[in-house]
1. Filter the range 135-147 down to residues that are of a type outside the set (Gly, Ala, Ser), buried (at least 18 other Cβ atoms within 10 Å of the Cβ) and in contact with a helix residue (DSSP H, G or I) (Cβ under 9 Å, 6 or more places away or on another chain) and give me whichever is farthest from Ser97 (Cα to Cα).
2. Within the range 113-134, is even one residue of a type in the set (Ser, Thr, Tyr), modelled with pLDDT under 90, touching a Leu at 6+ places or on another chain (Cβ under 9 Å) and surrounded by 13 or more Cβ atoms within 10 Å (Cβ to Cβ)?
3. Looking only at residues that are of a type in the set (Val, Ile, Thr) and within 30 Å of Gln86 (Cα to Cα) in the range 19-70, which one is modelled with the lowest pLDDT?
4. Quick one: would you say Leu73 is outside any loop (DSSP other than H, G, I, E, B) and either modelled with pLDDT of 95 or more or exposed (fewer than 13 other Cβ atoms within 10 Å of the Cβ) (or both)?
5. I'm told Leu54 meets every condition in (1) surrounded by 14 or more Cβ atoms within 10 Å (Cβ to Cβ); (2) in contact with a Leu (Cβ under 9 Å, 6 or more places away or on another chain) except one. Can you identify the failing condition by its number?
6. Would it be correct to say that Leu131 is in contact (Cβ under 8 Å) with a residue 60 or more places away in the chain and of a type in the set (A, V, I, L, M, F, W, C)?
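The values are calculated or read from the model by the stated rules, or taken from the named source; none is laboratory data. Computed from a predicted structure; not experimentally measured. All Cβ positions, glycine included, derive from the backbone under ideal geometry; neighbour counts span all protein chains shown.
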Amino acid sequence: MSSHTVKSDRLTLEPINLDKHLHGCHKILSEPRNAEWSTRAPNTQLEQTEERILESMSSVQFPMWAIMAPTTLSISVPVADETEGQEMEMVGIIGISHKPENVGYKIHPDHWGKGYMTEALRLFVEMFWTLEEKKSLPQIIAAYTPGNDASARVLEKVGFKTGKLLRGEIELWFNRGQNRKSDIQCMYIDRPGSNESLNCQHFLSSLDSRL
């Protein structure tokens with residue numbers, strides 16, 4: 001996976017690591033509110049989260065980064081950031097969730113409304129264009145289910161453009177067993193200077209998102 005670590009005014013994105021991020025990651029992936037718009041159920045066992053992290057650590061295609069923020073009074077899983085001399089906590093996850101380069105992300109509900117997700121996604125996009133292994137890719141794709149207004153706003157603020165609306169394509173976790181499929185709204189952002197285009201529908205073959 002990528003070894004890139006990048007920082008903004010408030011946040012640090014660092015490659016996810018089993019030893020450092022397991023419990024913070026599990027807090028996020030086991031939270032039912034984080035699974036509301038996902039095809040995957042919340043993790044119920046720490047071993048499930050461990051497996052996801054190990055998969056990311058060994059993957060060039062599906063890397064994940066921990067979103068780290070300065071510790072607040074509400075934290076439960078602090079991690080020392082020795083480079084800055086201050087304590088940080090893992091507040092979210094961001095990375096490539098399926099192919100082609102479709103970005104996925106989650107922020108723990110304790111940190112909703114702070115602007116962290118917009119800041120993290122903007123930082124991720126800037127970093128992504130610098131990755132040597134991704135230099136041939138003209139776009140980053142994202143997708144959300146209509147009704148997930150918070151995710152839509154984040155993407156728009158970062159500069160993602162509206163792509164195709166794909167109807168009846170996925171079964172969200174909370175709709176399983178109801179024979180009910182949900183729409184997917186594709187979004188995309190172009191690499192600076194690129195004139196190429198990707199078809200949002202290409203990623204449907206692997207919509208079992210890792211995030």
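1. Step by step, filter the range 135-147, then rank; the result is Thr145.
2. no
3. Going through the range 19-70, the residues of a type in the set (Val, Ile, Thr) turn out to be 28, 39, 44, 49, 53, 60, 67.
Narrowing the set further to residues that are within 30 Å of Gln86 (Cα to Cα) leaves 28, 49, 53, 67.
Numbers: Ile28: 96, Thr49: 94, Ile53: 91, Ile67: 97.
Here the residue is Ile53.
4. Answer is no for this residue.
5. (1) is the only condition that Leu54 fails.
6. So Leu131 fits the description; yes.
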